[in-house]
1. I'd like to verify a number: residues in the range 135-149 that are touching a Cys at 6+ places or on another chain (Cβ under 8 Å) and either more than 18 Å from His74 (Cα to Cα) or among the hydroxyl-bearing types (Ser, Thr, Tyr) (or both), how many?
2. Report whether or not His97 is more than 20 Å from Asp135 (Cα to Cα) and buried (at least 17 other Cβ atoms within 10 Å of the Cβ).
3. Does the range 158-168 contain any residue that is surrounded by 16 or more Cβ atoms within 10 Å (Cβ to Cβ), touching a Ser or Thr at 6+ places or on another chain (Cβ under 7 Å), in a strand (DSSP E or B) and free of Cβ contacts under 8 Å to residues at least 60 places away in the same chain?
4. Of all residues in the range 114-127, how many are without any contact (Cβ under 8 Å) to a residue 24 or more places away in the chain and either buried (at least 18 other Cβ atoms within 10 Å of the Cβ) or of a type in the set (Gly, Ala, Ser) (or both)?
5. Looking at (1) part of a strand (DSSP E or B); (2) closer than 15 Å to Ala75 by Cβ, which is the one condition that is false for Gly175?
Amino acid sequence: MILVSARKLDVGRGLKEGEVVRPGRPGKALRVLAFIGAAALTVGLACGCGGSLGGSSAGSSDGGSTRTIHVIEHADTDTTIDVGKKGDSTGDILTFHNKVFDKQDKKSVGTDLGRCIRVEAGKSYECAWTTSLHDGQITVDGPFYDDRDSVLAITGGTGAYKRARGEMRLRSRKGGTEFDFVFKLAG
């Protein structure tokens with residue numbers, strides 16, 4: 001169970017400082033968080049883990065090259081903190097730290113960790129996360145949609161990905177228990 005101190009919340013909701021709130025059970029928001037976590041992992045892996053992750057290279061329309069890395073996140077740790085109205089509501093926070101696997105979904109190739117804030121109940125989150133691979137990290141930021149694929153911006157990285165840029169496509173698999181992270185790295 002997750003406990004949230006009212007000191008960190010809007011005291012104008014009738015909570016007294018130091019009062020503890022016990023949020024309700026996560027529902028759809030938890031599935032969304034899992035999806036977002038998976039997307040973050042995918043971004044990290046897509047930015048330079050090599051062929052073992054399902055990577056490929058191709059020319060881009062601006063004359064540069066692109067590299068595609070495809071990984072799969074297993075959304076096992078997603079947790080939703082209910083901070084607003086009871087249930088799925090604007091302001092709820094989704095956190096995660098999951099394993100990511102190669103394109104064949106056989107071998108663990110890294111981890112992800114991140115958070116999302118519910119923007120529109122039942123429709124979307126705004127997320128940021130880091131996907132960690134053996135040779136560096138990739139960060140992503142952007143929307144996670146409940147009912148369709150999402151595209152997030154690759155905002156940077158470390159190690160082999162220190163110049164990472166491009167986008168990551170996030171797609172739900174197996175009812176939101178797994179997510180495809182397809183990183184398209186530019187340059």
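The values are calculated or read from the model by the stated rules, or taken from the named source; none is laboratory data. All values derive from a computational prediction rather than experimental measurement. Cβ placement follows ideal geometry from the backbone for every residue including glycine, while neighbour counts extend to all protein chains displayed.
1. 5
2. It is false that His97 is more than 20 Å from Asp135 (Cα to Cα) and buried (at least 17 other Cβ atoms within 10 Å of the Cβ).
3. no
4. The total comes to 2.
5. Here Gly175 meets the rest and fails (1).
Results for (1) among the polar types (S, T, N, Q); (2) under 24 Å from Lys107 (Cα atoms); (3) modelled with pLDDT under 95, shown as yes or no for each residue.
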residue	(1), (2), (3)
Thr130	yes, yes, no
Asp141	no, no, no
Ala160	no, yes, yes
Glu167	no, yes, no
Arg171	no, yes, no
Phe183	no, yes, yes
